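First the structure, in the form of structure tokens, and then the observations on it.
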Amino acid sequence: MRRIISVLMENQPGALSRVVGLFSQRNYNINSLTVAPTDDESLSRLTLTTVGDDRKIEQIIKHLNKLVDVAKLVDLTEGAHIERELMLIKVKATGAQRAEVKRVADIFRGVVVDITPTMYTIQVTGTSEKLDGFIAALAGTPILEVVRSGVSGIARGEKVLSL
Amino acid sequence: MALLSGGDALIRALHDEGVDLIFGYPGGAALHIYDAIFNQDKVEHILVRHEQAATHAADGYARATGKPGVVLVTSGPGATNAITGIATAFMDSIPMIVISGQVARESIGLDAFQETDMIGISRPIVKHSFMVHTPEDIPSVVKQAFFIATTGRPGPVVIDIPKDVTDPSVKFEYHYPETVKIRSYSPPTKGHSGQIKKAVDILLAARRPIIYSGGGVIIGEGSELLTALARKIGCPVTNTLMGLGAFPATDKQFVGMLGMHGTYEANMTMHEADVILAVGARFDDRVTNSDVRKFCPDATILHIDIDPAAISKTVTAHVPIVGPVAPVLKEMLELVETSKVKPDKEAMQAWWERIEHWRKRQSLAVIPAENDVIKPQQAIQALYEVTKGEAYVTSDVGQHQMFAAQYYHFDKPRRWINSGGLGTMGFGLPAAMGVQLAFPDAVVACVTGEGSIQMNIQELATCKQCALPIKIVTLNNKALGMVKQWQDMQYGGRHSHSTYADSLPDFIKLVESYGHVGIRIEKLSELKAKMAEAFAIKDKLVFIDIAVDPEEHVYPMAIRGGAMNEMFLSKTERT
């Protein structure tokens, strides 16, 4: 099952490599990973998505918790949560296709952020599933480049991951 | 407060941390630090002959004393040579601080002479690591490093220090912090009382209980409490290879080591148990055998460990208790003592009758060889007799290690010092150096083989320089015995690269050239007398080269993929 694990950790050199190294060392998968400092510059928030059965996820969480740099973490998929991913996608947009691409982008609430006479660069945000859906909806349109940010997530309601 | 350079501050911080002995080897990036060592007399430095030996010596020191071992090496090859020893300490949860020199800050990343990314290379085998960026950071980094290495589940911590950070011309006001707090690191200090109560209830209701205790009991100073608890319950106790000595081996409740080369009675008792209390043990594959689905099918598993990741990693615990062994055992003992429920005497008696039946099989009985040939087991038995079971015994890895574990009966913790997790050949001699330096008057024996000893034999020079009267007990079967045993059992007797009889050195001449004493023993009839003669030499290292039966295998031996009750008991018998 796909899980979103959100980690609050020290914003220290080497901290990220310890997290990533743990995954390869113990034969776990990382499907996506995002990391950036929080409002408190001394802390980073890292969100990763991985796949595994309950036993594997339990081990991943325990081993992440063991890392000295990791302050707190949560498996967001255990409760109600919001997940978002950002995608920048460059597609060919000429002739009749130009209007069709714009129409599809509108349906997905995408924003055209750059244009040339022959192409659009569209920004789409949403769940990973929605971004996959957008790519599928563009079937027939030549895709030139796809850049995805990886998933960020936050728990719904009053639950907060902080020190 | 004093104005100190980074190098001086480092050594001063070690002293402030209570360190009086470090092991190391100098080199370019560490020279400022070595100059700082030269200029003081608080911290003694032991010069080894290879950085791997420095880590094993510090490791042996740590295992014998419970205090962290400290290592100092230079950058590049100095750092990489230390890696095997760091991994050895990591696998067995040994507190260790490894200080490595690094090229100057401005040279990092430029492929400078003797540059290697020590933080990166050591990352999977350390508990934590620090790169020191300014001299002023040295005191706080040292404080944090010792705190991390020695608390929770202990482990090695690397401190990588660029050369210019220890520059003698750059000074700062030295102040060693009295306390340390790391917001993202807070190891447990006690177990969950509800879980402990639950475990005690199950243990007291058990009809066929066993205590399975590991290295964590020794590291966590829980031996006395464990022994007291076992006596109260009246149940059998087995120790892992790492846990030997945590419960007295000569106690009648002790059923021997369990696992791959455990006794028949220990493995049978585990397999038939209805409750297993696992304390500071991690259900590793040398205990459970390869297929955990067959592991102890009737047992309810109560598992105490300070590391939550060790619980339910391979075998699922029914009652997990995360916490340090000693306070948890203390709480359990108090509950057992005050509980109205007492262990069922009749059930326990019936249980012991079954265990005695397994014991009668005498799985460690030694069948003497013909023609005055020495069996390796007999050599360990002689060692045990001559040292009256009181020696510190270090070992290398292989058949001799298993024979020592089986036939030297450890009654006290911290006396049996071996590389259990990583299985590092070359560990024994340097580890013995660390033990002998920690306890100069103790009898320290290194049980080894002619294969393992050659992996760090250069340390004979360190032993000479430091006048260490270690007794090296070499079971010489002229082959890599354990490799050969597996080849006999699983590869049709094809001894691929496991023999070298024609190229062995004359160990007696070799050790004599270092200024040590060598004694060769070839006949069973002279074994005890010559062993006694060797141990009567109190002030010198003695290398005892014992020719043993090269055909001997270690038994019992777990059958691959089987349950705990499936063992080979000799070359011709199996369960």
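At a glance:
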{"quantity": "Cut-off 13 Å between beta-carbons: net charge of the residues surrounding B:GLN381, Lys and Arg +1, Asp and Glu -1", "calculated": "+2"}
{"quantity": "Listed residue (A:LEU76, A:HIS63, A:ILE89) projecting farthest to the positive dipole end of segment A:5-92, Cβ model", "calculated": "A:ILE89"}
{"quantity": "Virtual spin-label span in nm between B:THR189 and A:THR118, 7 Å along Cα→Cβ", "calculated": "6.9 nm"}
{"quantity": "Rg in Å to one decimal, and Dmax rounded to a whole Å, for segment B:163-292 via C-alpha atoms", "calculated": "20.9, 71"}
{"quantity": "Cα-based helix-to-principal-axis angle, A:54-66 vs chain A, degrees rounded to 10", "calculated": "70 degrees"}
{"quantity": "Sequence ranges A:35-45, B:73-83, B:395-405, ranked by mean other-Cβ count within 10 angstrom, highest first", "calculated": "B:395-405, B:73-83, A:35-45"}
{"quantity": "Inter-site label distance for A:ALA80 and B:LYS171 at 7 Å from Cα along Cβ, in nm", "calculated": "6.5 nm"}
{"quantity": "Sequence ranges B:151-164, B:417-430, ranked by mean other-Cβ count within 10 angstrom, highest first", "calculated": "B:417-430, B:151-164"}
{"quantity": "Relative contact order (%) - criterion: Cα under 8 Å, at least six apart; region: chain A", "calculated": "28 percent"}
{"quantity": "Length-normalised contact order of segment B:304-383 in % [C-alpha pairs under 8 Å, at least 6 apart]", "calculated": "18 percent"}
{"quantity": "Too-long pairs where the Cα-Cα distance tops 24 Å, listed order kept, from B:LYS190/B:LYS232; B:LYS143/B:LYS171; B:LYS252/B:LYS360; B:LYS198/B:LYS342; B:LYS232/B:LYS388; B:LYS478/B:LYS528", "calculated": "B:LYS232/B:LYS388"}
{"quantity": "Cα gyration tensor shape for segment A:31-163, rounded if a/c is under 1.5, else prolate or oblate", "calculated": "prolate"}
{"quantity": "Kirkwood-Stokes translational diffusion coefficient of the protein assembly as shown, alpha-carbon pairs, 37 °C, 0.692 mPa s, µm²/s", "calculated": "115 µm²/s"}
{"quantity": "CD proxy at 222 nm, helix term only [per DSSP H run n ≥ 4: -39500 (n - 2.57); per residue of chain B; nearest 500]", "calculated": "-10500 deg cm²/dmol"}
{"quantity": "Kirkwood-Stokes translational diffusion coefficient of chain B, alpha-carbon pairs, 20 °C, 1.002 mPa s, µm²/s", "calculated": "86 µm²/s"}
{"quantity": "Expected 222 nm ellipticity per residue - DSSP helices of 4 or more, -39500 (n - 2.57), all of chain A, to 500", "calculated": "-8500 deg cm²/dmol"}
{"quantity": "Relative contact order %, segment B:1-156, counting alpha carbon pairs below 8 Å whose residues are six or more apart", "calculated": "25 percent"}
{"quantity": "Where labels lie 7 Å past Cα in the beta-carbon direction, separation of B:ASP251 and B:HIS409 in nm", "calculated": "1.4 nm"}
{"quantity": "Sites B:HIS15 and A:THR38 - FRET efficiency at Förster radius 51 Å, r taken between beta-carbons, to 0.05", "calculated": "0.85"}
{"quantity": "Angstrom value of the Kirkwood radius, inverse mean 1/r, which spans all Cα pairs in segment B:476-575", "calculated": "16.1 Å"}
{"quantity": "Helix A:128-137 vs. chain A, principal-axis angle (Cα, 0 to 90°, nearest 10)", "calculated": "20 degrees"}
{"quantity": "Shielding by partners - mean other protein chain Cβ count within 10 Å, residues of A:62-72", "calculated": "5"}
{"quantity": "Size of electric dipole in segment A:1-138: Cβ of Lys, Arg +1 and of Asp, Glu -1, about Cα centre, debye, nearest 20", "calculated": "400 debye"}
{"quantity": "Loop-resident sites, segment B:462-524, for trypsin sites (Lys or Arg not before Pro), counting at most 15 other Cβ within 10 Å (DSSP)", "calculated": "B:ARG494, B:LYS523"}
{"quantity": "FRET efficiency for B:ARG231 and B:LYS198, using Cβ-Cβ distance with R0 set to 22 Å, rounded to 0.05", "calculated": "0.50"}
{"quantity": "Entries in B:LYS42/B:LYS538; A:LYS72/B:LYS181; B:LYS313/B:LYS484 that, when Cα-Cα distance is taken, lie over 21 Å", "calculated": "B:LYS42/B:LYS538; B:LYS313/B:LYS484"}
{"quantity": "Set of aspartates and glutamates with alpha-carbon distance to B:LYS163 below 17 Å, sequence-local pairs under 8 removed", "calculated": "B:ASP8, B:ASP35, B:GLU106, B:ASP111, B:GLU115, B:ASP117, B:GLU136, B:ASP137"}
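Coordinate-derived values only; no laboratory data. All values derive from a computational prediction rather than experimental measurement. All Cβ positions, glycine included, derive from the backbone under ideal geometry; neighbour counts span all protein chains shown.
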